[in-house]
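This report concerns only the one structure given below.
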């Protein structure tokens, strides 16, 4: 049923609109016009005031086309891309769509948006029965899920839904994803001349290194990871460094394990501060909650049935990364993330296999049907 040529042209049109994260105004205006022209009610929320991004989130609602008791469902994808994402020139190379090699392609996540538009057209052209459906298109996903985190309350009324924004071929179902803690530490030392009187100083680099050597990092267990992402300090070789700034993270599918990991890392900093008779400022923020579903949950069952209906085998798995699905689950709306088949995202070698673009749209259309 999918109009492949029209779908490809729509995808190419979307990726040629510059929308690097933080600069979403042009793509937001295009999408507002596109969804409105399809007969949907489109609202741009007030999240821009809080997120500082180029646009707010869009919530587009397709009313039911018959009397139905079907629950309201929703689909979400994001409108922003990573860099370099300006002046993208999509090219069909074999069985895939690629960029010219100087930029990303933007299939993350304009694949999901193109599928939304084509699926809505198919619904209307074929008079397919459906209940009320909402489409959430977020800004600022690539900048730390800022759009979803600042979503205006009350606009998303769905009972459950699907994020179309995961790697893996169509049929991949992300039923679990971790919570993440962002950790910041400031290590205080004492400056002195490194050649004349180093004994009067305290090297913040040495303190920080001692602390890190006491930490559990990398793969902690099958649910938990931790990493030091940034280590910054020092000005010159002849000065004992008086300050180091560290940026780190910890993730886990289990809240108690995350708390334990944070405590272990803080304990290592405290031990180092005591050992060198100095102080360390330690702070962390929970960036988003974890979620976990099983094959018994209705949101997973419906996805599995739809995947089977389009000729694929459901592959239930967990992810080590966060997405808008984490945030929306935190609002109490069950949401799982589905694979769309894009490859090598966030690189200039990014590819969107055409068959996966088509299958993504088929899956969305199947989920939209009022079965």
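The values are calculated or read from the model by the stated rules, or taken from the named source; none is laboratory data. From a predicted model like this one, the values you see are computed outputs, not experimental measurements. Here the Cβ positions follow ideal geometry from the backbone for every residue, glycine too, while neighbour counts run over all protein chains shown.
What to note about this one:
Every residue, every condition in (1) without any contact (Cβ under 8 Å) to a residue 12 or more places away in the chain; (2) assigned by TED's automatic domain parsing to the domain that holds residue 43; (3) in contact with a strand residue (DSSP E or B) (Cβ under 8 Å, 6 or more places away or on another chain); (4) buried (at least 23 other Cβ atoms within 10 Å of the Cβ), yes or no:
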residue	(1), (2), (3), (4)
121	no, yes, no, no
139	no, yes, yes, yes
151	no, yes, yes, yes
155	no, yes, yes, no
163	no, yes, yes, yes
168	no, yes, yes, no
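- Positions within the range 252-265 being part of a loop (DSSP other than H, G, I, E, B) and buried (at least 18 other Cβ atoms within 10 Å of the Cβ), in sequence order: 253
- Any hit, the range 102-116, residues being outside any loop (DSSP other than H, G, I, E, B), surrounded by fewer than 19 Cβ atoms within 10 Å (Cβ to Cβ) and out of contact with any helix residue (DSSP H, G or I) (no Cβ under 6 Å at 6 or more places or on another chain): no
- Yes/no for residue 185 being surrounded by 17 or more Cβ atoms within 10 Å (Cβ to Cβ), over 18 Å from the mean Cα position of the chain (by Cα) and part of a strand (DSSP E or B): yes
- Residues of the range 76-99 include at least one that is crowded, with 24+ Cβ neighbours inside 10 Å and closer than 17 Å to residue 40 by Cα.
- Scanning the range 1-24 for residues that are in a helix (DSSP H, G or I), surrounded by 15 or more Cβ atoms within 10 Å (Cβ to Cβ) and in contact (Cβ under 8 Å) with a residue 12 or more places away in the chain turns up 7, 8, 10, 11, 12, 14, 15.
- One residue stands out among those in the range 25-40 that are within 25 Å of residue 130 (Cα to Cα) and in a helix (DSSP H, G or I): the one that is farthest from the chain's Cα centre (by Cα), which is 37.
- Those strands (runs of 3 or more DSSP E) of the range 266-364 in which at least 1 residues are touching a strand residue (DSSP E or B) at 6+ places or on another chain (Cβ under 8 Å), assigned by TED's automatic domain parsing to the domain that holds residue 215 and closer than 28 Å to residue 185 by Cα, considering only elements entirely within it, cover 279-288.
- Residue list for the range 214-231, restricted to those being closer than 20 Å to residue 271 by Cα and free of Cβ contacts under 8 Å to residues at least 12 places away in the same chain: 217
- Residue in the range 117-140 that is under 17 Å from the mean Cα position of the chain (by Cα), modelled with pLDDT of 95 or more and part of a loop (DSSP other than H, G, I, E, B) present: yes
- If you check 98, 82 for being in contact (Cβ under 8 Å) with a residue 12 or more places away in the chain and farther than 22 Å from residue 8 by Cβ, only one passes: 82.
- Of the set (1) in contact with a strand residue (DSSP E or B) (Cβ under 8 Å, 6 or more places away or on another chain); (2) assigned to a loop (DSSP other than H, G, I, E, B); (3) surrounded by fewer than 23 Cβ atoms within 10 Å (Cβ to Cβ), all apply to residue 56 but (3).
- Taken over the range 213-242, residues that are more than 28 Å from the chain's Cα centre (by Cα) and not in a strand (DSSP E or B) amount to 10.
- Within the range 344-371, considering residues that are touching a helix residue (DSSP H, G or I) at 6+ places or on another chain (Cβ under 8 Å) and under 16 Å from residue 85 (Cα atoms), the one surrounded by the most Cβ atoms within 10 Å (Cβ to Cβ): 352
- Test: residue in the range 234-251 that is surrounded by 15 or more Cβ atoms within 10 Å (Cβ to Cβ) and under 20 Å from residue 335 (Cβ atoms): yes
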